[in-house]
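Q: One structure, as structure tokens, below. Some questions next.
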Amino acid sequence: AEGKKAAGEILGLLQRLAMITLHPGLMGTYDWKGVRKANIEPYSPKIAAMVSNVLKQRTCGHIVFAEPVASHWWMKEALVQAGIPEGRIAILNGATAKDTAVRQEIAERFNGDPLRGVEPDFDVVIANSIAYEGIDLQTRTCAIHHMDLPWEPATIEQRNGRGVRQGNTLS
């Protein structure tokens, strides 16, 4: 029991450190379900840079990767405050997309279907490791934003592989 408690404390510490790298004020702001627990302005230089880059390229798709689930709600709020309609932003993590059917639906709504004249519903997908494999977001991805850096270089390759693959005609 002591070993499990110590391991849980270490994992909790790592998660808190990951949150702080995005914004020191993120600690305790949202829970994993996206319920706001504190009233702190959603601003940090890193988040502001991501929002600015999204605003510069409004007509294509953006994938925003960050591992801490609570940070997803914070980034969504920052995008909405900057003028991105809330309905054009999808969050793809274990809390919002528990099964593969929901994940696939988010991907399809992000990509749209240009051959059948189906316009995309989402311009931004905020995701974590749940989207590293098996999710095709390449049809209209123009930018992948890494808000944190994973431990292994292969994970960056997995993240990039969501948008940089066959079928993407954007540079």
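Q: When residues of region 104-145 are filtered for being part of a strand (DSSP E or B) and farther than 19 Å from TRP73 by Cβ, how many remain?
A: In the first step, residues of region 104-145 are kept if they are part of a strand (DSSP E or B); the result is 113, 118, 124-127, 141-145.
Cutting the leftovers down to farther than 19 Å from TRP73 by Cβ gives us 113, 118, 141-144.
Selection size over region 104-145: 6.
Q: Moving on to the next point. Among the charged types (D, E, K, R), exposed (fewer than 12 other Cβ atoms within 10 Å of the Cβ) and at pLDDT below 90: which single residue out of GLU86, GLU2, GLU67 fits that description? Before the answer, list the steps.
A: Working: GLU86 fails: at pLDDT below 90; GLU67 fails: exposed (fewer than 12 other Cβ atoms within 10 Å of the Cβ).
Just a single option satisfies the conditions, and that option is GLU2.
Q: What number of residues within region 70-83 are open to solvent by 20 Å² or more (accessible area, probe 1.4 Å) and either part of a loop (DSSP other than H, G, I, E, B) or among the hydroxyl-bearing types (Ser, Thr, Tyr) (or both)? Spell out the reasoning first.
A: Of all residues in region 70-83, those open to solvent by 20 Å² or more (accessible area, probe 1.4 Å) come to 73, 76-77, 80-83.
Imposing the further condition that a residue be either part of a loop (DSSP other than H, G, I, E, B) or among the hydroxyl-bearing types (Ser, Thr, Tyr) (or both) reduces the set to 82-83.
Looking only at that region, the number is 2.
Q: Here's another thing I want to ask about it. Just to verify a result, which residue in region 42-97, among those that are out of contact with any Pro (no Cβ under 7 Å at 6 or more places or on another chain) and of a type in the set (Phe, Trp, Tyr), is farthest from CYS142 (Cα to Cα)?
A: By that ranking, first place goes to TYR43.
Q: Moving to a separate point now. Only one of ALA101, ALA95 is of a type in the set (Gly, Ala, Ser) and free of Cβ contacts under 8 Å to residues at least 12 places away in the same chain; which?
A: Values: ALA95 fails: free of Cβ contacts under 8 Å to residues at least 12 places away in the same chain.
From the options ALA101, ALA95, the qualifying one is ALA101.
The values are calculated or read from the model by the stated rules, or taken from the named source; none is laboratory data. Just so it is clear, the structure is predicted and the values come from calculations on it, not from any experiment. Reconstructed Cβ throughout: ideal geometry from the backbone, glycine too, with neighbour counts over all protein chains shown. Just so you know, the surface numbers come from the protein's heavy atoms only, side chains and all, with ligands and any DNA or RNA stripped out. Shrake-Rupley method; radii C 1.70, N 1.55, O 1.52, S 1.80 Å.
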